[in-house]
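The values are calculated or read from the model by the stated rules, or taken from the named source; none is laboratory data. Remember, it's a predicted structure, so these values are computed and weren't measured experimentally. Ideal geometry is used to build each Cβ from the backbone, glycine not excepted, and the neighbour counts take in all protein chains shown. Areas reflect the complete protein model, heavy atoms only, side chains present, ligands, DNA and RNA absent. Shrake-Rupley method; radii C 1.70, N 1.55, O 1.52, S 1.80 Å.
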Amino acid sequence: MKDFFNLHRHGFARVAVATPVVRVGDPRHNGAATLELIERAAAQKVTLAVFPELGLTAYTCDDLFHQQALIDAAEQALARLLERTRSLRVAALVGLPVAVNGLLYNCAALLCRGRLVGVVPKTYLPNYREFYEGRYFAPGDASPCAEIRLAGQATAFGTGLLFRIAEQPQFVLHVEICEDLWVPASPSSFATLAGATVVANLSASNIVVGKETYRHQLVANQSARCLAAYLYSAAGLGESTTDLAWDGHALIYENGTQVAESERFAGTAQLASADIDLGRLAADRMRQNTFGAAALRHSTEVKRFRIIDFSLPFPAGKLLLQRRVDSLPYVPSDPKTRDARCEEVFRIQVNGLVTRMRATGSERLIIGVSGGLDSTHALLVCARTMDQLKLPRKNIFAYTMPGFATSTRTRNQAWQLMRAIGCTAEEIDIRPSCMQMLKDIGHPYAKGRKVYDITFENVQAGERTSHLFRLANRNGGMVVGTGDLSELALGWSTYGVGDHMSHYNPNGSVPKTLIKFLVAWVAESDELGPEVKRALRRVLDTEISPELVPGRQSTESTIGPYELQDFNLYYVLRFGYAPTKIAFLAWHAWRHKYKLREIKKWLGVFLRRFFEMSQYKRSAVPNSPKVGSGGSLSPRGDWRAPSDGNATTWLENLAEVPDRE
């Protein structure tokens, strides 16, 4: 792939919000201040820079807006900007008053490499409390003009304009101005239904106590509901403080998530930039079918928009992301948020099992405990479930079932944990029954040969599950599954009468990387007491292994590091990204630990196992509660796929990833 290390190749765009230091009524000075920030944006490889409302004149000109000298000076400042930015690879939105057919409009002008691409007038003019815009300006939809002449160029004019970059067609821009966002039905709501993926808001927005928080809420909510990126730039230093104050607050949000913010009350000009993921926005819109239904319902409003194409070639060569890519997308990096997430997931799992027990009338649970991570967490869920139902933990029938390769460490951990939980605990040595089966089927191991093949492994996994289901019959209980989302994605389970099956599996949509943090959270929060806490710490220090083959057997040496495979799973399942983009993101997140060739290797393993080898297992999974937006793999939930599919298309795409940095 050409320019693999260029963010534009993977559907990203770098955008910026700018707040220059202005002088009231001085377009020449303000134009120069704006140019300086545009040049800084171009140097940072920004695609679009957004400036505040009426920034070429300053917002606080009041009745000066009706002075012809100011109107003409603003147009001249715009003409100079067009000329001075002709050689810059960046687009910019600047605010100025524009006179059209005897009416004055509060406008945003889009300029790009010397071209005035279009002019958008403000729709909603506030005329309440401290705002008097209706005194100076006409509403944007008052003009019948579709084209005007400004700064020596003929250009599109109107409130129904969408601007699309020819070289990056997912970048479709809508422009609104300040109050347009604050009304119940914002113009951007309809513009995004018409195809806009990026919304820019040129704002003035004086500051009062509490307004900063409200701006965050407004911008976050609008970007989330519209499945869009939202760029907001408010006026700052230099605006008149005759009756108002200004903080120069600028924000960038992507689908409800803040990705950049300027320094408020700064003494100097500000430029805050961020990389937005246009592919993510497109993926979410494609999946959320109600987005398209809303466009149909509001078709009258949607149809009034027209697209203006303009050219802005993105820079070639290496251009890495400046945004942070979480290495563990299922696990919040902030400790406080992570603890809250763990508690929420744990409650969801417990609630699912409680509901199933009430529905079936069962008061007993049957679970196999290996001393490893997954069965440990499932047992914790069982314990809290019993507590919530006010049933004794002795109603949990927990069995550790050592096989041919069970280590002393995990066996001891299983016993320590079961005793600490206070469940009914027993040990069943499955080696005799496994040996009988191996003899019955004529396996070489039964004749003394050290053949440790898949049959040898699955005989043990199957025996454990078979025992658990018969124990459920005998004790009148339900078999609780322990396998997690990561194992399900990779097909790392024994199908049918094996760890693939249970009556209910609380872990089924929880990835391995999150389970580790869940167990740690239970330990540190003292959810189940100090004895359990000590047992859990030993489990957390144990290498992940199925312990089915004598000697050291590492799961991750076969199927890849779970931290990488969970990363791959998240971006396949949540967004449907191409392997090239997943590799690009993984390299950003994990380059401190893995070389690109390693990332590519394990992504190949994931693609083959996920798309080609293991869907038949997912087509027949037990019930399990979905816990996060990262998705589940239940065919009744987030993932439906043919069991006889193949991975060819994904592997061909992966082949475009270079083998070295």
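Of 45/593; 390/533; 581/626; 2/45; 593/617; 512/601, which sit over 24 Å apart, Cα to Cα? Over 24 Å apart, Cα to Cα: 45/593; 581/626; 593/617. The alpha-carbon atoms of the stretch 504-560, seen along their principal axes, cover 35, 26, 21 angstrom, with the largest extent given first. Computed over Cα pairs, the Kirkwood radius of the stretch 577-661 leads via Stokes-Einstein (0.890 mPa s, 25 °C) to a diffusion coefficient of 173 µm² per second. Scaling the Cα radius of gyration of the stretch 178-228 by the globular reference 2.2 N^0.38 Å produces a ratio of 1.15.
With both residues required to sit in the chain, DSSP beta bridges show an antiparallel share near 55%. Placing a label point 7 Å from the Cα of residue 391 along the Cα-to-Cβ direction, the residues of the stretch 345-368 whose backbone N falls under 17 Å from that point are 349-368.
Computed over the stretch 346-439, the range of Cα coordinates on each principal axis works out to 43, 26, 21 Å, biggest value leading. Taking 0.36 nm per residue of separation and subtracting the current Cα-Cα distance, fully stretching the chain between residue 469 and residue 224 would add 83.6 nm. Other residues with beta-carbon under 15 Å from the beta-carbon of residue 615 carry, at +1 per Lys or Arg and -1 per Asp or Glu, a net charge of +2. How much of the calculated P(r) for the stretch 303-342 lies past 10 Å, in percent of all Cα pairs? Of the Cα pairs, 81 percent sit more than 10 Å apart.
Ignoring lysines fewer than eight residues from residue 439 along the same chain, the ones with Cα atoms less than 17 angstrom from its Cα are 447, 450. How much of the accessible area of the stretch 509-604, probe 1.4 Å, is carbon plus sulfur, in whole percent? So the carbon and sulfur contribution to the accessible surface is 46 percent. Each Lys or Arg adds one and each Asp or Glu takes one away; over the other residues whose Cβ falls under 11 Å from the Cβ of residue 312, this sums to +2.
Modelled label positions at residue 211 and residue 103, each set 7 Å beyond Cα in the direction of Cβ, lie 2.7 nm from each other. Pairs of C-alpha atoms in the stretch 1-134 farther apart than 28 Å represent 21 percent of all such pairs.
Each stretch of four or more DSSP H residues adds -39500 (n - 2.57); spread over every residue of the chain, this sum gives -12000 deg cm²/dmol at 222 nm. Note on the stretch 345-390: Cα Rg divided by 2.2 N^0.38 Å, N the number of residues, gives 1.11.
The residues packed around residue 292, meaning those with a beta-carbon under 14 Å from its beta-carbon, carry a net charge of +2 if Lys and Arg are +1 and Asp and Glu are -1. Excluding same-chain neighbours fewer than eight residues apart, the aspartates and glutamates reachable from residue 600 by a Cα-Cα span under 13 Å are 652, 656, 659, 661.
How many percent of the accessible area of the stretch 313-365 is carbon or sulfur, using a 1.4 Å probe? With neighbouring chains kept in place, the figure for the stretch 313-365 is 45 percent.
Here the stretch 13-72 exposes an accessible surface that is 47 percent carbon and sulfur, computed with a 1.4 Å probe and the other protein chains kept in place. Descending by average beta-carbon neighbour count within 10 Å, the peptides 122-133, 624-635 line up as 624-635, 122-133, the highest first.
Summed over all non-identical Cα pairs, the Kirkwood treatment of the stretch 259-321 gives a radius of 16.3 Å. Ordering of 425-432, 529-536 by packing is 529-536, 425-432, highest average first (other Cβ atoms within 10 Å, averaged per residue). Principal axis extents of the Cα atoms in the chain, from largest to smallest and rounded to whole angstrom, are 100, 52, 45. With a 1.4 Å probe and all protein chains left in place, how much accessible area per residue does the chain have, in Å²? Ligands and nucleic acids excluded, the result is 41 Å² per residue.
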